[in-house]
Amino acid sequence: KVVVEKILRRRSLEMLDQQQTWQESPEGRRMLEFGRSLPAYKEKEAMLTVISKNQVVIISGETGCGKTTQIPQFILETEIESICGAVCKIICTQPRRISAMSVSERVALERGEKLGESVGYKVRLEGMKGKDTHILFCTTGILLRRLLADRNLKGVTHVIVDEIHERGMNEDFLLTVLKDLLPHRPELRLILMSATLDAELFSSYFDAAPIIKIPGFTYPIKSHFLEDILEMTGYRLTPYNQIDDYGQERLWKMSKQAPRKRKSQIVSAVEDALRAADFKNYSQQTRESLLCWNPDSIGFNLIEHILYNICENERPGAVLVFMTGWDDISSLKDKLLIHPILGDPNQVLLLACHGSMASSEQRLIFEEPEDGLRKIVLATNIAETSITINDVVFVLDCGKAKETSYDALNNTPCLLPSWISKVSALQRRGRAGRTQPGECYHLYPRCVYNAFVEYQLAEILRTPLQSLCLQIKSLKLGSISEFLSRALQSPELLAVQNAIEHLKIIGALDEIEDLTILGRYLTILPMEPKLGKMLILGAIFNCLDPILTVAAGLSARDLFLTPMDKKDLAEAAKSQFSRDYSDHLALVRAYESWKAAEIDLAGYEYCWKNFLSAQSMKAIDALRREFFSLLKDIGLTDGNATTCNAWSHDVHLIRAVICYGLYPGICSVVHNEKSFSLKTMEDGQVLLYLNSVNARETKIPYPWLIFNEKIKVNSVFLRDSTAVSDSMVLLFGGSISKGDADGHLKMLGGYLEFFMKPAVANMYLTIRRELDKLIQI
Ligand code: ADP
Ligand code: MG
């Protein structure tokens, strides 16, 4: 013991020395002064005292006040100063991988070290940490995975859960798991950090844990709402303006198709707000323009106009544009790049900030651009609280975010961008006033802002719970519903039951809610169960390449572009890929042709000519590689490109594997004289998205369509679909694992009796039993 203590003391002294030397260097002093100028520094002593006296502490403070970068350092420093600094291990979780990476890099820089020394990070498939790493930034998912192997978090002294105000599913889940752990680890400290001031909920969950509030400071920010922007710039909105946007065009068409029903309560709240608003102090043109405003459209033309206006007329300062997601960002970027001023690299530094960007791109976001160059960052809500760009002076807020909302009653996820909360809008606005007075352009009228909800609902209350249920099972936390009843806020019982039922249907859970072997594989593949299933079977049947493309394509949206003015050309280009009655196979063909062109360095040109999004292609490419290495990691493929693609040319097999992954997303094709209609058991008649290759057919020579997603707008719409045969559904629908044929038959039997002759069921059972003997996953 004495020897160990000696070693620790020596190590602590070394670290102390190292820091002192660094802080005496000019760069070190600058960093030290920067850190001391942040509001968090003023609360340092108070925070450390409370942390030492309480097992759980909640810290809230405005974004940019220094919570994420400073507080872990405060803890490390005091521990170093006491004798046992060298044993302190701080884990700080971030909801997104990009913030874990950028924050760790920043903290290492502030300490004058290389990343991987005392500060490290770990995100899925990537990381940098060593044996002397004392502060580890990781994604919430990584900590959950660590809990799988190490229930008591042995050796960890502090867990910091950051950004808890976002109420992400993983964070809520982690808090429940940690709450159970605390009594077993009385010396472990739990620190929860949040940007907004709804800390009381967390405090009461953790037995009245103390709350520390860090006062913040921002320069005054001027708000311009849509009506002010129109008045100020003289811009005129027209219906044409609204539909000119790439991705939005489809939505607009859909709303034209079925105008009878209201879209959702939120949209109708917007319509009511607009009707009640009074714009009498505004010009005739502004009032007319507002009538043309389409709340469903992000308004790319308007954004372009405002950006141009800022570049031409406003003082220097970076511009931050909040968009809904990666696909909107890349479409807007494509559009701006062909603008004479905004697309000119000598005048504008155009950057994107989203979850899947490269780290070289990340660094540029923080750097101040050269003189005369205007930095414009197109961001998702990552830039709302996780990442602070200091030199932002102008913010454009589209008022929306893409998030999954969930209607437990009909089990249909809605993936449309939805309006943000007031808290989010204020956060976005606040980004403009970090270093000097700023301006925020809200791309919606003030009355719509007034109709926003105060706070966003927690993710656990609004999204499907399948992945969460699998995690609960893999961490052996007992009954799913019992565990969830102890969550910070418990989801509806019906949503929990739906998720469990779904997991049984796809064969991940057995009758008594235990993980099947397939289920166990799915828990180690960090993706939606359906993608995981598809990849597993693609690897087993040696048709991996096309299945990797399909799985990646399901995550990266809108590969095929349809600009309004070149619709016919775009459709003609798409038809060369779409001869299989399958959107998924069209994607595979497009990807493969692009890949061939890419070898000759003509990838971008190929996309341009064929109306494909080069950005989406690159995203698919990156995801494919990620999926492939995951499969290699868990030993499902040896990575030999020839053997794992022995059957990749077999279109029937690929259909079958897609069917295996996407089941029970299935509808029957009913032909009539001229055309066909589609029916599912739950919804009755359903429609195809207009951009589906199957929407252009008049006849489909298969009895079923298997689809990855249905979305309720007015009617139920199916996104990408693939035509499959009876035998594929019979053999590959549901799970392929021993012993559940009866349960599965009950489910499929429902379909069979609904659509087909019951006699087929018996045939199915016989074939299925034989197959189950052959294949056991
Ligand atoms: P909080 O977590 O409270 O939102 P942070 O600790 O992330 O605040 O940031 C504190 C300050 O450090 C901010 O002013 C931010 O701009 C700055 N900062 C953070 N990361 C970087 C970086 N990678 N490069 C430059 N400055 C950064
Ligand atoms: Mg932070």
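The values are calculated or read from the model by the stated rules, or taken from the named source; none is laboratory data. Because the structure is predicted, anything quoted here is derived from the model rather than measured. Positions of Cβ are generated from backbone atoms using ideal geometry, with glycine treated the same way; all protein chains shown enter the neighbour counts.
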So which of Lys699, Lys674 is touching a His at 6+ places or on another chain (Cβ under 8 Å) and in a loop (DSSP other than H, G, I, E, B)? Lys699
List, please: which pairs have Cβ atoms under 6 Å, are six or more places apart or on different chains, and start with a residue in segment 614-636 that is small (Gly, Ala, Ser) and end with one that is outside any helix (DSSP H, G or I)? Ser616/Ala556; Ser616/Leu559; Ala619/Ala556
For segment 165-194, what are the residues that are within 16 Å of ligand 2 (Cβ to nearest atom) and within 16 Å of the chain's Cα centre (by Cα)? Glu166, Arg167, Gly168, Glu171
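Where in segment 264-375 are there helices (runs of 4 or more DSSP H), lying wholly inside it, with at least 3 residues that are among the β-branched types (Val, Ile, Thr), out of contact with any His (no Cβ under 7 Å at 6 or more places or on another chain) and more than 19 Å from Arg429 (Cα to Cα)? Reasoning before the result, please.
Details: elements: 265-276, 284-292, 300-313, 326-337, 359-366.
Of the helices (runs of 4 or more DSSP H) lying wholly inside segment 264-375, those with at least 3 residues that are among the β-branched types (Val, Ile, Thr), out of contact with any His (no Cβ under 7 Å at 6 or more places or on another chain) and more than 19 Å from Arg429 (Cα to Cα) span 265-276.
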When both residues are 6+ apart or on different chains and their Cβ atoms are under 7 Å apart, which pairs have a first residue that lies in segment 165-188 and is among the charged types (D, E, K, R), and a second that is assigned to a helix (DSSP H, G or I)? Arg167/Glu459; Glu171/Thr140; Glu171/Ile164; Asp172/Ile460
Output the qualifying pairs, or none if there are none: Cβ atoms under 9 angstrom, residues six or more apart or on different chains, first residue in segment 385-396 and within 24 Å of Gln70 (Cα to Cα) and small (Gly, Ala, Ser), second residue outside any loop (DSSP other than H, G, I, E, B) and within 7 Å of ligand 1 (Cβ to nearest atom). Ser386/Thr68; Ser386/Ser102; Ser386/Val103
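Scan segment 376-387 for residues that are under 17 Å from the mean Cα position of the chain (by Cα), of a type in the set (Val, Ile, Thr) and within 12 Å of Arg431 (Cβ to Cβ) and jot them down. Please lay out each step first, then the result.
Filtering segment 376-387 down to residues under 17 Å from the mean Cα position of the chain (by Cα) leaves 378-387.
Add one more test, that the residue is of a type in the set (Val, Ile, Thr), and what stays is 380, 382, 385, 387.
Correct list: Ile382, Thr385, Ile387.
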Counting only residues that are at pLDDT 90 or above and within 16 Å of ligand 2 (Cβ to nearest atom), give me the helices (runs of 4 or more DSSP H) lying completely in segment 1-117 with at least 2 of them. 26-37, 39-42, 67-81, 97-110
Just for helices (runs of 4 or more DSSP H) wholly inside segment 469-587: which have at least 1 residues that are surrounded by fewer than 16 Cβ atoms within 10 Å (Cβ to Cβ), modelled with pLDDT of 90 or more and among the small types (Gly, Ala, Ser)? 480-485, 567-575
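Just a yes or no: is a residue in segment 385-399 away from ligand 2 (no atom under 16 Å from the Cβ), over 26 Å from Arg434 (Cβ atoms), modelled with pLDDT of 85 or more and in contact with a Phe, Trp or Tyr (Cβ under 7 Å, 6 or more places away or on another chain)? First the steps, then the outcome.
To start, the set of residues in segment 385-399 that are away from ligand 2 (no atom under 16 Å from the Cβ) comprises 391, 393-399.
Now narrow it down to the ones that are over 26 Å from Arg434 (Cβ atoms): none.
Looking through segment 385-399, none of the residues is away from ligand 2 (no atom under 16 Å from the Cβ), over 26 Å from Arg434 (Cβ atoms), modelled with pLDDT of 85 or more and in contact with a Phe, Trp or Tyr (Cβ under 7 Å, 6 or more places away or on another chain).
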When (1) free of Cβ contacts under 8 Å to residues at least 40 places away in the same chain; (2) in a strand (DSSP E or B); (3) within 16 Å of ligand 2 (Cβ to nearest atom) are applied to Gly127, the one that fails is (3)
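Tell me the residue from Asp371, Asp334 that is at pLDDT below 95 and surrounded by 15 or more Cβ atoms within 10 Å (Cβ to Cβ), please.
Details: Asp371 fails: surrounded by 15 or more Cβ atoms within 10 Å (Cβ to Cβ).
Unique residue meeting the criteria: Asp334.
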So for segment 455-465 (the condition being over 21 Å from Gly168 (Cβ atoms) and either hydrophobic (A, V, I, L, M, F, W, C) or modelled with pLDDT of 90 or more (or both)), does at least one residue qualify? no
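Would you check if Val161 is more than 18 Å from Lys53 (Cα to Cα), within 16 Å of ligand 1 (Cβ to nearest atom) and at pLDDT 95 or above? Give the derivation first.
Details: more than 18 Å from Lys53 (Cα to Cα): yes; within 16 Å of ligand 1 (Cβ to nearest atom): yes; at pLDDT 95 or above: yes.
For Val161, the condition - more than 18 Å from Lys53 (Cα to Cα), within 16 Å of ligand 1 (Cβ to nearest atom) and at pLDDT 95 or above - is met.
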Inside segment 186-197, the number of residues satisfying the requirement of being surrounded by fewer than 21 Cβ atoms within 10 Å (Cβ to Cβ) and either more than 16 Å from ligand 1 (Cβ to nearest atom) or among the basic types (Lys, Arg) (or both) is 4
Looking at (1) within 16 Å of ligand 1 (Cβ to nearest atom); (2) in contact with a strand residue (DSSP E or B) (Cβ under 8 Å, 6 or more places away or on another chain); (3) farther than 27 Å from Ala379 by Cα, can you tell me which one Thr93 breaks? (3)
Does segment 161-182 contain at least one residue that is of a type in the set (D, E, K, R) and surrounded by fewer than 18 Cβ atoms within 10 Å (Cβ to Cβ)? yes
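Please pick out the residue among Leu623, Leu653, Leu631, Leu636 that is in a helix (DSSP H, G or I), buried (at least 18 other Cβ atoms within 10 Å of the Cβ) and modelled with pLDDT under 90.
Working: Leu653 fails: modelled with pLDDT under 90; Leu631 fails: modelled with pLDDT under 90; Leu636 fails: in a helix (DSSP H, G or I).
Step by step, each of Leu623, Leu653, Leu631, Leu636 is checked, and only Leu623 is in a helix (DSSP H, G or I), buried (at least 18 other Cβ atoms within 10 Å of the Cβ) and modelled with pLDDT under 90.
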Any idea how many residues of segment 425-454 are among the acidic types (Asp, Glu) and surrounded by fewer than 20 Cβ atoms within 10 Å (Cβ to Cβ)? 1
Near pairs, Cβ below 8 angstrom, 6+ apart or cross-chain, from segment 577-593 (within 23 Å of Thr698 (Cβ to Cβ)) to any residue that is small (Gly, Ala, Ser) and in a helix (DSSP H, G or I): Phe577/Ala586; Phe577/Ala590; Phe577/Ser593; Ser578/Ala586; Asp580/Ala586; His584/Gly553; Leu587/Gly553
I need a count of the residues in segment 595-620 that are under 26 Å from the mean Cα position of the chain (by Cα) and either buried (at least 21 other Cβ atoms within 10 Å of the Cβ) or outside any helix (DSSP H, G or I) (or both). 8
Test each condition in (1) in contact with a strand residue (DSSP E or B) (Cβ under 7 Å, 6 or more places away or on another chain); (2) touching a residue at least 40 places away in the same chain (Cβ under 8 Å) for Ala570 and report the one that comes out false. (1)
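Among Val57, Val50, which is the only one that is crowded, with 21+ Cβ neighbours inside 10 Å and more than 14 Å from ligand 1 (Cβ to nearest atom)? Break it down into steps so the answer makes sense when it comes.
Details: Val50 fails: crowded, with 21+ Cβ neighbours inside 10 Å.
Result of the check over Val57, Val50: Val57.
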